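Everything on this sheet refers to the single structure shown next.
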Amino acid sequence: MIDFSLSEEERAVRDTIRQFIQQEVMPLEPQVLRNERSGLPPLEPGQLKELQEKAKQGGWWGINTPEEYGGIALGPVMSAIVAMETGRTFVPFRFGGTADNILYAGTEEQKQQYLVPTINGERRSCFAITEPGAGSDARNIRTRAVKDGDDWVISGEKTFITNGNEADFVMVFAVVPDAGITCFLVDRDMGWKSEPIPTMGEWGPASLVFEDVRVPASSMLGEPGKGFELAMQWIRQGRYLIPARAIGSAERLLQMAIDYAKIRHSMGHPIADYQAIQWQIADSEVDIESTKWLTLYAAWRVQEGLDGRHASSIAKLDGAVMANKVVDRVMQIHGGMGYTKELPVERWYRELRLLRIYEGTDEIQRRTIARNLLKGHVRLGGIGE
Ligand SMILES: Cc1cc2nc3c(=O)[nH]c(=O)nc-3n(C[C@H](O)[C@H](O)[C@H](O)COP(=O)(O)OP(=O)(O)OC[C@H]3O[C@@H](n4cnc5c(N)ncnc54)[C@H](O)[C@@H]3O)c2cc1C
């Protein structure tokens, strides 16, 4: 039997997180907008930590983190529900106590040096695969790691690396001759440099330069030549979280448009009376709801230990396109006001555009979905199997 309802526990988690976001995080939005527009960091130093501490006191620490590392390991469906709630605000708030999943593939020593301090918020990581000459074609990276005595010497350039300016260590992917793409954990003080890349969004990524950076043999994460699979495993596993956040953002935006349509008058009526506006609201609701079910389905597959790759690609593609359609309509409903910096609509508009580009572009998701069908990796209409 198909049951579309959330369990009592899932509903309770959603409501508690929603309340936390509404009471503790959303009030910071005017400050974030003011700071960003003056070229300052969105939050004052320590503010994010303070928020995370509050969340921790409420028991929300390490949403995806195994219990043995102090987390609450809510699982994929609940994590998607939490991401929908945090997506409702543009304040750069994340529940603390998480680390990139590939760090769990480390040795005991690496876990103590990188994983545990990252979970505790004492260290900050970044994940670097993209290069100026290799984005979608990530297998084609040129960064090299060459053995020299007991050490490895890494040379190359990475680009568009999220947190690359702030991180104190990097999970960097480099080609080891005769083995293939391999991951290394490299501290900033071992010699790599970062440079911010200005973008149309508010959080700039970085380019990273490795000029003969020498690292010990113990820096290798996993086995030589197994880095690409490790990277893809991580990216694929969490892919449904992107459309989940997009759902939260789109719902918040649509509510703004509904509220505005009721109070804005034109030609003697609230604009909400006009079919042209109603249809934009209706189409947005249809788009958001379909992404919601695709996303929950993808998360559910991962939770059940089923192959979630195809479902996650569908949800990621659908969510990225959906969010961009919705924010465009919401701006249209707000007319000139939507285009100004008095409202946050233009800020969402710029931020959501990224969804169609990172973690696999729209085109790459379509390519994956089509190839799965053409090669018979999945059966057409195989939903629920
Ligand atoms: C803000 C931001 C943050 C990012 N964070 C990270 C990060 O933390 N770590 C990291 O490693 N990377 C990161 N990226 C990189 C991101 O994953 C890449 O930008 C993305 O994969 C696309 O690669 P590209 O920019 O080189 O575009 P390209 O691969 O050059 O693609 C250009 C265009 O061609 C299309 N295209 C490419 N190949 C095909 C094909 N075979 N069939 C059809 N169309 C194709 C693409 O869809 C796109 O429209 C980030 C990017 C941005 C913008």
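Throughout, read-outs are computed from the coordinates displayed, never taken from laboratory work. Please read all numbers here as calculations on a predicted model, not as lab measurements. Glycine also receives a Cβ, built like all others from the backbone with ideal geometry; neighbour counts cover every protein chain displayed.
Which of P132, A80, I161 sits farthest toward the positive end of the charge dipole of the range 71-179, with +1 on the Cβ of Lys and Arg and -1 on the Cβ of Asp and Glu?
A80
Averaged across orientations, what area in nm² does the convex hull of the alpha carbons in the range 135-194 project?
If I average the Cα hull's projected area over directions, I get 4.4 nm².
Give me, ordered by chain and number, the residues 5 or more places off G164 or on other chains with an amide H under 5 Å from its own placed amide H.
The list, which skips near neighbours in sequence, is A206.
Return L43, L352 ranked ascending by Cβ neighbour count within 10 Å, so the fewest neighbours appear first.
L43, L352
Set the Förster distance to 30 Å, then compute FRET efficiency between D178 and E68 from the Cβ-Cβ distance, nearest 0.05.
0.25
Using the charge dipole of the chain (Lys, Arg: +1 at Cβ; Asp, Glu: -1 at Cβ; taken about the Cα centre), state which of W348, F93, G227 has its Cα farthest towards the positive end.
Farthest towards the positive end: W348.
Let me check I've understood the local charge: for T86, count other residues with C-beta under 12 angstrom from its C-beta, Lys and Arg +1, Asp and Glu -1. What total comes out? Show your work: numbers first, answer last.
Values: positive: R14, R18, R88, R94, R245, R252; negative: E24, E85.
Taking every other residue near T86 into account, the sum is +4.
Got a sec to turn the phi values of the range 204-217 into Karplus ³J(HN,Hα) couplings, 6.51 cos²θ - 1.76 cosθ + 1.60 with θ = phi - 60°, whole Hz, x for Gly and Pro?
In residue order, the calculated couplings are x, x, 9, 9, 10, 10, 10, 10, 6, 7, 8, 10, x, 4 Hz.
Give me the dipole magnitude in Debye, nearest 20, for the chain about the Cα centre, with unit charges on the beta carbon: positive for Lys and Arg, negative for Asp and Glu.
It works out to roughly 900 debye.
First select every other residue whose beta carbon is under 11 angstrom from the beta carbon of G156; then total the charges, Lys and Arg +1, Asp and Glu -1.
-1
What percent do you get for the relative contact order of the range 79-222 when only Cα pairs under 8 Å and 6+ apart count?
It rounds to 22 percent for the range 79-222.
Among G268, G308, G70, determine the one that fluctuates most according to a GNM of the chain built with springs between C-alpha atoms less than 10 Å apart.
G268
Please check: in the Gaussian network model of the chain (C-alpha springs, under 10 Å), which one of A174, A315, A261 has the largest mean-square fluctuation.
A261
Taking only Cα atoms and a 10 Å spring cutoff, compute GNM fluctuations for the chain and point out the largest among E351, E229, E68.
The residue that fluctuates most here is E68.
For the range 1-131, how big is the tail of P(r) above 18 Å, as a whole percent of Cα pairs?
Summing the P(r) of the range 1-131 above 18 Å gives 60 percent of all pairs.
How large, in Å, is the chain by the Kirkwood hydrodynamic radius built from its alpha-carbon pairs? List each step's numbers first, then the result.
Values: mean 1/r = 0.0447 Å⁻¹.
Value: 22.4 Å, from the Cα pair sum.
Rg and Dmax of the range 254-337, Cα atoms, in Å?
Both quantities, over Cα of the range 254-337: 16.5, 57 Å.
Where in the range 157-186 is the amide nitrogen less than 16 Å from a point lying 7 Å along the Cα-to-Cβ axis of V209?
157-161, 165
Could you list Y297, Y358 in order of exposure, starting from the residue whose Cβ has the fewest other Cβ atoms within 10 Å?
Ascending number of Cβ neighbours within 10 Å: Y358, Y297.
Report, ordered by chain and residue number, the aspartates and glutamates lying within cross-link reach of K54, taken as a straight Cα distance under 18 Å and ignoring same-chain residues fewer than 8 apart.
Those aspartates and glutamates meeting the cut-off are D15, E24, E29, E44, E85, E122.
Between R94 and I263, 0.36 nm times their residue separation minus their Cα-Cα distance comes to what?
Values: separation 169, 0.36 × 169 = 60.84 nm, distance 3.34 nm.
Full extension from R94 to I263 adds 57.5 nm.
Grab the DSSP H runs of the chain that are 4 residues or longer, score each as -39,500 (n - 2.57), total them, divide by all residues and round the 222 nm result to the nearest 500 deg cm²/dmol.
Computed ellipticity for the chain at 222 nm equals -14000 deg cm²/dmol.
May I ask you to list the lysines whose Cα is less than 26 Å away from that of K325, ignoring any residue fewer than eight positions away on the same chain?
K262, K292, K316, K341
Can you sort T291, T340, T361 from fewest to most other Cβ atoms within 10 Å of each residue's own Cβ?
T340, T361, T291
From the gyration tensor of the Cα coordinates in the range 157-308, what semi-axes in whole Å does the equivalent ellipsoid have, largest first, with each one equal to sqrt(5λ)?
They are 45, 22, 10 Å, listed from largest to smallest.
Cα centroids of the range 33-47 and the range 59-114: how far apart, whole angstrom?
Spelled out, the Cα-based centre of one part sits 25 Å from the other.
Just how far, in whole angstrom, is the range 320-385 from the range 188-218 if you go by their alpha carbon centroids?
28
Quick one: which residues, 5+ away or cross-chain, put their amide H under 5 Å from the amide H of V91? H built at 1.01 Å from N.
Here the answer is none, since no amide H 5 or more places off falls under 5 Å of that of V91.
Under 8 Å for C-alpha pairs, at least 6 residues apart: give me the relative contact order for the range 1-136, rounded to a whole percent.
22
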